[in-house]
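These notes are about the structure you will find just below.
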Number of protein chains: 4
Amino acid sequence: MDQRPDFASDYTRGAHPDILKRLTDTNMLKSSGYGTDEYSGSARERIRKACGRENARVEFLTGGTQTNAVMIDALLRSYQGVIAAETGHISVHEAGAVESNGHKVLTLPHHNGKLSPDTVEKYLEDFFNDENREHMVMPGMIYLSQPTEFGTLYYLDELKRFRRICDRFNISLYVDGARLAYALACPENDVTLKDLADLCDAFYIGGTKCGAMFGEAAVIPDPHKIPHLFTIIKQHGALLAKGRLLGIQFDELFKDDLYLRIGEPAIRAADKIRKMLREKKYTLCYDSPTNQIFCVIENEKLRKFGEKAGYSFWEKYDENHTVIRLATDWAATDEEINALSEALE
Amino acid sequence: MDQRPDFASDYTRGAHPDILKRLTDTNMLKSSGYGTDEYSGSARERIRKACGRENARVEFLTGGTQTNAVMIDALLRSYQGVIAAETGHISVHEAGAVESNGHKVLTLPHHNGKLSPDTVEKYLEDFFNDENREHMVMPGMIYLSQPTEFGTLYYLDELKRFRRICDRFNISLYVDGARLAYALACPENDVTLKDLADLCDAFYIGGTKCGAMFGEAAVIPDPHKIPHLFTIIKQHGALLAKGRLLGIQFDELFKDDLYLRIGEPAIRAADKIRKMLREKKYTLCYDSPTNQIFCVIENEKLRKFGEKAGYSFWEKYDENHTVIRLATDWAATDEEINALSEALE
Amino acid sequence: MDQRPDFASDYTRGAHPDILKRLTDTNMLKSSGYGTDEYSGSARERIRKACGRENARVEFLTGGTQTNAVMIDALLRSYQGVIAAETGHISVHEAGAVESNGHKVLTLPHHNGKLSPDTVEKYLEDFFNDENREHMVMPGMIYLSQPTEFGTLYYLDELKRFRRICDRFNISLYVDGARLAYALACPENDVTLKDLADLCDAFYIGGTKCGAMFGEAAVIPDPHKIPHLFTIIKQHGALLAKGRLLGIQFDELFKDDLYLRIGEPAIRAADKIRKMLREKKYTLCYDSPTNQIFCVIENEKLRKFGEKAGYSFWEKYDENHTVIRLATDWAATDEEINALSEALE
Amino acid sequence: MDQRPDFASDYTRGAHPDILKRLTDTNMLKSSGYGTDEYSGSARERIRKACGRENARVEFLTGGTQTNAVMIDALLRSYQGVIAAETGHISVHEAGAVESNGHKVLTLPHHNGKLSPDTVEKYLEDFFNDENREHMVMPGMIYLSQPTEFGTLYYLDELKRFRRICDRFNISLYVDGARLAYALACPENDVTLKDLADLCDAFYIGGTKCGAMFGEAAVIPDPHKIPHLFTIIKQHGALLAKGRLLGIQFDELFKDDLYLRIGEPAIRAADKIRKMLREKKYTLCYDSPTNQIFCVIENEKLRKFGEKAGYSFWEKYDENHTVIRLATDWAATDEEINALSEALE
């Protein structure tokens, strides 16, 4: 291994070898632009099948913040905002992309990165009972991440409850699946792609962090839900001229259900790392079962560790300790874990 | 050749082989995100050198509409609009991306896709003499394309004149270089990258249509001109997580000045096609010297041609004739031209 | 008369005496805010009756640019633009208010300030036949002014034709009635409030220029057309806390059909001025039959005239002549006209 | 008195008699539009004098939400947000007006409606030390209300501290003075107009709630701070055609320093009501010394009270109690207070 162990994130490598091969094989062929090519057509079909939705609209975009901004703007009316955990990616780390399109992010408290259906329902009840509600931003959708920023998972009964809440208040449910492959590969997870298609007004299947070179696939189970989405995407500067690049990647990701398995090495690696950390007496945080591991580390130890390995700063724990995040990916190897273990001595 | 001749556009193929090789070679290596990687660093250095600007800010983006929207929004204040030819890409074919960020496109008449400095100066004089100007959108920049939508070129003396106009009225000059490689490779062109860096407040070096798999490089010669550009890019959903993909591509494009030569096959092919069309007695339009060829074709003939080859509809010429566009690219071959010639019999 | 004759505009005086009296009479009474007061309720009822629409939604706003911006934003989806004459108020003199809400103004040529139904229908046919239309701003409404910026009128058959065009392409029809009272009082006019309510998706009844102290009344004949309009108005900063001020004014304007008659003095005065100008051998422009008069005046003469009277500069006619605008209002007097006549000697 | 006691708000009456008289006296006179009239000029001069700032820019707007939206948009760059108390008017009750212009409201906890300088400074330190800050909305200003939504006051030493914080982080300080007259008339207050002009980048002097018929006066002590403010106001649909209406009102409000005294009857009345409530054993909340009074009332008692008097619901206190708000205004009378006292028996 010619690089030091690097668990800073899950978007630090290129693409799954099958994808790279297909990009190479098709490189000099010509195809039409803007997602009208045959590869994109095939990828859409495979995703529809995997989601159990023959008529779903599937659109390919380039990155997560972009996909969130476009889909949220497409689903909301101008006077509506989006409910999100105060730790949600759209709340904190998208530089105000949602607001730049005119929509308020209505933040609610989280537990381990998750919104509680009770909290959301209470908020919506209060809003729709508030005499002054017409002077306030109307909640128009619930934004969830699966898994969350903290690596935790929503379970099927929770998502069903959110769906019922959305139906009760006539608002949309949207799931950010930037790391969806790591949820799907996690033994604890009980939410399938078909469930997401049944329960959400829209969601996206993350590629960038899940084996693609880049790209995300937005799925709108009922295609009538968002008219003129193509133009909306174009208007946001989010339409890739060589759309086939995205089509090819998702066609490979959904060939023989690769996407359902691609996260497995990451989960296995993360489980090993969690076991190792516990053995080394580190305190784990947030109880994440997916590819993100959070632990407390003493600052002086962290300094030394940082010289030997890559990690992400998460937050200050106290004067002498820090919470760091380690993320594994679809190509994680035992070799890397061993090197990490050594770096943590 | 396993495909029919296709001259519909210049973004129909994948990437230059050198780029594909480098993407392959680096695929399993890990690097940091958001353009902080070493490849992006090296690419920036090479672009700065090619532009003769050691301190220029260089940012990589994913596509042309996105780059225009971000840079125009970054350069303008909320009360300003952008002057463009009525045929400019931002005026017509970007789905209102500029307006979606709150800025009016102030369109002026064109000649062969070009704005005339006289027209622009007259417009600005009239605006700044208009007693009602404070009730109007203030022009804040001039948008040009090099080459234009019609394949025509701005010459150095014209760009210098636009610069003087911008200085006179204290507004910005921005050049959209989606097809810049085809200008640089064109014998008629007298505008270098260094000239653009000397004259523009910002411009972009097109990758998507010029040999990259995808991506554009925005250059801001004076880095103080746009503070907080990174955040602006992020807010527009335009920041690629795996920024190294763009870095690697532009590092290759600017290795040994490849970008300056990469358009040559396209220009040679376009010249041959123009010669062939003249010999076949077709009427050429707009006098384009670059990789786009426009010609008038009788409708019945077009129907047959369309069965054998790819082209772009440009506009109706009269009841019985159509203007079509043929575009060559960096990988154009004599084989393709011969097949085109046959298809046009 | 203690002021020089001033025909610069029709918003240079305060309010009709009945309005001022009512504002005075109610001044120290308390009433609820945001248009929930009884005066606003009564005004809405009177306007609904005058429009022959029992269920119409009526909202009061403060000014014309504001009303246009709010209503256009409320009627359009994010990917849509508004068709307007290139001379339309929203196209030129609203500082990009429509674009600041993300919508492109799609300008078409005018004749005497009017859009031709043929021109608009051709434009829409071309748009919906354009293969690239999904890359373009989708036209979502037609914006007309009654009377136009040039004082000209749309006739009933023209408006009916626009309605059919809107129905054919499933877009909205909106009429800016900033000076509507002057149309309604004009003998040449054949369009009633009921016609507007029958034909438009929304229109506004101008108060500011038509006898109110300030304010405009937006009418949405089918109240389901724009859900959550109250919140949209609030979000635009256009909701007046003391909504009763607007309610009181429009309650007076529609008491005993005052609004239908209030423009009559202005039309009579304008006709007299036109006659006088013709007698003095001035060239009239645009053939306006309403309260705006446009004429050509020699520059040196204009300089002297400007010392004695108020007028608006309209545009340069040639090196030695200027087009000026004179506007009469609801309180125009013979005394003023005589003073104007003297100033024009 | 022909109305029941109504303490629902401070914008329920018309205008101070001096203002109404002046509007009446000037009603039939003509003056130029958009704030270029002599009344506006005089009002600006008087406000500049009262603020001790000869060069200050003063612009008149129509309402509070509008003024906040315009000024915040004018002071911030596209990538910046505004820090506000979570209870701030812009955070909750302006229907997302700030976000509709693309800016995030960065909410922080409050105490009795006030932001603590310590909290704000800590937040800013954390932000500017955050490695990910370029992915986040950059704080660009601090928004305060004087008095706050809870009727509390910022003291001079607090405002000076906020100014130092703003200087340290190079951001703007903006004060919403919707009820400023009630602060200025409050014995506890130690912040003058001159202090605000010394310490703020911009603030507004509220008219609507403070004796004007309607209107607010935005003051920018350093006029270079916001170039092209006129066009920004116009673009927001916030420019009143008959600007003189605002000029006349503020000219009266600042004649003989009326504005400094106009809130006194409200404060005297509020003090009496507070005394009365204490005597009646009601629990007062938030310790407001200005014209807003908050108290806890048992629900059944509230039902009966609501039949006899006007109040505002503030929030649920517990299952059996409610917090209500009573607001006095510039024209409050002992008669009203007596009627209120009876209604509260």
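Coordinate-derived values only; no laboratory data. Quantities reported herein were computed from a predicted structural model and do not represent experimental measurements. Cβ coordinates were reconstructed from backbone atoms using ideal geometry, including for glycine residues, and neighbour counts include every protein chain displayed.
Ranking C:Met141, C:Gly211, C:Cys200 by how far each Cα lies toward the positive end of the dipole of region C:17-261 (charges on Cβ) leaves C:Gly211 at the top.
For the segment B:22-30, counting C-beta atoms of other chains within 10 Å of every residue's C-beta and taking the mean gives 6. Which of these, B:Gly63, B:Gly102, B:Gly207, has the largest mean-square fluctuation under a Gaussian network model of chain B (Cα springs below 10 Å)? Ranking B:Gly63, B:Gly102, B:Gly207 by mean-square fluctuation puts B:Gly102 first.
Normalised by residue number, the volume inside the convex hull of the Cα atoms of region B:66-157 is 98 Å³ per residue. By the helix-only formula, in which each DSSP H run with n ≥ 4 contributes -39500 (n - 2.57) and the sum is divided by residues, chain C has a 222 nm mean residue ellipticity of -11500 deg cm²/dmol. Considering only B:Leu344, B:Ala183, B:Gly237, and ranking their Cα positions along the charge dipole of chain B that arises from unit charges at the beta-carbon of Lys, Arg, Asp and Glu, the one farthest toward the positive end is B:Gly237. Pairs over the 32 Å Cα-Cα cut-off, from the set A:Lys21/B:Lys275; B:Lys114/B:Lys272; B:Lys316/C:Lys194; C:Lys104/C:Lys272; A:Lys225/B:Lys209; A:Lys114/D:Lys209: A:Lys21/B:Lys275; B:Lys316/C:Lys194; C:Lys104/C:Lys272; A:Lys225/B:Lys209; A:Lys114/D:Lys209. Which of the three applies to chain B, rounded, prolate or oblate, going by the alpha-carbon gyration tensor with a ≥ b ≥ c and a/c under 1.5 meaning rounded? Note, shape of chain B comes out oblate. Name the shape class, rounded, prolate or oblate, that the alpha-carbon gyration tensor gives for region D:6-90, where a ≥ b ≥ c are the square roots of its eigenvalues, rounded holds for a/c under 1.5, and otherwise prolate holds if a/b is larger than b/c and oblate otherwise. In terms of gyration-tensor shape, oblate. Copy-to-copy label distances for B:Lys255, where each label lies 7 Å from Cα along Cα-to-Cβ, are 2.7, 8.0, 8.4 nm in order of increasing length. Working from label points 7 Å from Cα in the Cα-to-Cβ sense, the B:Thr192 to B:Thr24 distance is 3.5 nm. The residues D:Leu153, C:Leu253, when put in order of fewest to most other Cβ atoms within 10 Å, stand as D:Leu153, C:Leu253. Remark: the protein assembly as shown is approximated by an ellipsoid whose semi-axes, taken from the C-alpha gyration tensor as √(5λ), come to 53, 43, 27 Å, largest first. The ellipsoid that matches the Cα gyration tensor of region A:83-208 has semi-axes, each √(5λ) in whole angstrom, of 24, 17, 13, with the longest given first. Under a model in which nothing but the beta-carbon of Lys, Arg (+1) and Asp, Glu (-1) is charged, the protein assembly as shown shows a dipole of about 0 debye around its Cα centre.
Taking only the C-alpha atoms of region C:1-155, the Rg (one decimal) and the largest Cα-Cα distance, Dmax (whole number), read 19.8, 64 Å.
GNM on chain A, alpha-carbon springs under 10 angstrom: the most fluctuating residue among A:Asp126, A:Asp190, A:Asp201 is A:Asp126.
Fewest neighbouring Cβ atoms within 10 Å first, the residues B:Leu326, C:Leu108 line up as C:Leu108, B:Leu326. Pick from D:Phe203, D:Phe214, D:Phe60 the residue whose mean-square fluctuation is largest in a GNM of chain D, springs joining Cα atoms under 10 Å. Looking only at D:Phe203, D:Phe214, D:Phe60, the largest GNM fluctuation is found for D:Phe214.
Based on the alpha-carbon gyration tensor of region D:264-343 and its eigenvalue square roots a ≥ b ≥ c, which shape applies: rounded if a/c is under 1.5, prolate if not and a/b is larger than b/c, or oblate? Note, shape of region D:264-343 comes out prolate. If you take every DSSP beta bridge whose two residues both sit in chain D, what share of them, in percent to the nearest 5, is antiparallel? Of all bridge pairs located within chain D, approximately 55 percent are antiparallel. Long hydrophobic helices in chain B: none of the complete DSSP H runs spans 15 Å or more by Cα along its own axis with mean Kyte-Doolittle hydropathy of at least 0.5. The residues C:Cys210, C:Cys285, B:Cys200, B:Cys295, when put in order of fewest to most other Cβ atoms within 10 Å, stand as C:Cys285, B:Cys295, B:Cys200, C:Cys210. Kindly list the residues of region D:92-126 that lie in the label zone of D:Arg77, defined by a backbone N under 19 Å from the point 7 Å along the Cα-to-C-beta vector. Once the point is set 7 Å along Cα→Cβ of D:Arg77, D:101-106, D:124-125 turn out to lie under 19 Å by backbone N, inside region D:92-126.
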